[in-house]
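The values are calculated or read from the model by the stated rules, or taken from the named source; none is laboratory data. Remember, it's a predicted structure, so these values are computed and weren't measured experimentally. Neighbour counts run over all protein chains shown; Cβ positions are idealised from the backbone, glycine included.
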Amino acid sequence: MAVELAFLKKVPLFGELADDELSEIGALFHERAYPKNSVIFLEDETGDYMYVVRAGRVKVVRQMPSGKETILAFHDAGEFFGEMSLVDGGTTPASVIAVAPTTILSLSRRDFRNLLGNAEVNQALLRMLCQRCREAWAQVELLTLHHAEARIRSLVHQLCESKGRADPEGVRLGNRLTHRELADMAGITRESASRAVSRLQKLGLLRVEEGLLRVPDPATLLDFDLER
């Protein structure tokens, strides 16, 4: 199948390529639809493909020894995942699950490695891997915080940095996040997440508008004294 050039230009890995290069790449993908809650791949499976979310949304999760699920990330339309296993030949470090009806484009290991011969793709991949490393360090830093509100503050700040869209009223997160999802990302209980969100709203640091989070000034989320 061929993928539209307009869509491929929105994928960070391919955004700098010429139209003729995009046309060649678009013909390499295979498309598959996943119902809500279906598994795209499981933790510790050998990675044979890179995936691009064409439509819908997926979550990246780790299963803790206690059985609790920790959400590491969400990927929306235009974002990709699974590339790390193709780079180093390792297994996937987490499971990926569709959280809505989702359409996925997959690219085989052979075709992905052929793409690495393109300097622009190489540079984009390096930038994305650096971003993944920064996000991983931010996740480690978040989990060292002991206070539930501190974790929510740090998490929302991270989301503003990575997923937020600036507008005259601050930064808005474009996808709905339930209190359960926030809790699973922050490693706390849903009740603790709900209390923290409620307090941040009372302080004027966070607004919930039609299920979407808006932060007037993300920097203020990291300026707190939880003893007051």
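Descriptive notes on the structure:
- Whether a residue is assigned by TED's automatic domain parsing to the domain that holds GLU69 and either closer than 30 Å to GLY82 by Cβ or among the aliphatic types (A, V, I, L, M) (or both) was assessed, and GLY117 passes this test.
- Residue that is nearest to the chain's Cα centre (by Cα) [pool: residues in the range 1-46 that are among the aromatic types (Phe, Trp, Tyr) and closer than 14 Å to PHE80 by Cβ]: PHE41
- The requirement of being among the hydrophobic types (A, V, I, L, M, F, W, C) and modelled with pLDDT of 90 or more is not satisfied by ILE71.
- Single residue of the range 31-47 satisfying the filter (assigned to a loop (DSSP other than H, G, I, E, B) and small (Gly, Ala, Ser)) that is modelled with the highest pLDDT: SER38
- The residue list LEU28, LEU22, LEU107, LEU17 contains one member that is in a strand (DSSP E or B) and not hydroxyl-bearing (Ser, Thr, Tyr), which is LEU107.
- For the residues ALA124, ALA136, the requirement of being touching an Asp or Glu at 6+ places or on another chain (Cβ under 8 Å), surrounded by 11 or more Cβ atoms within 10 Å (Cβ to Cβ) and not assigned by TED's automatic domain parsing to the domain that holds LEU203 singles out ALA124.
- Among the numbered conditions (1) closer than 30 Å to ALA219 by Cβ; (2) out of contact with any Leu (no Cβ under 6 Å at 6 or more places or on another chain), the only one that ALA119 does not meet is (1).
- Test: residue in the range 76-97 that is closer than 24 Å to ALA186 by Cβ, free of Cβ contacts under 8 Å to residues at least 60 places away in the same chain and touching a helix residue (DSSP H, G or I) at 6+ places or on another chain (Cβ under 6 Å): yes
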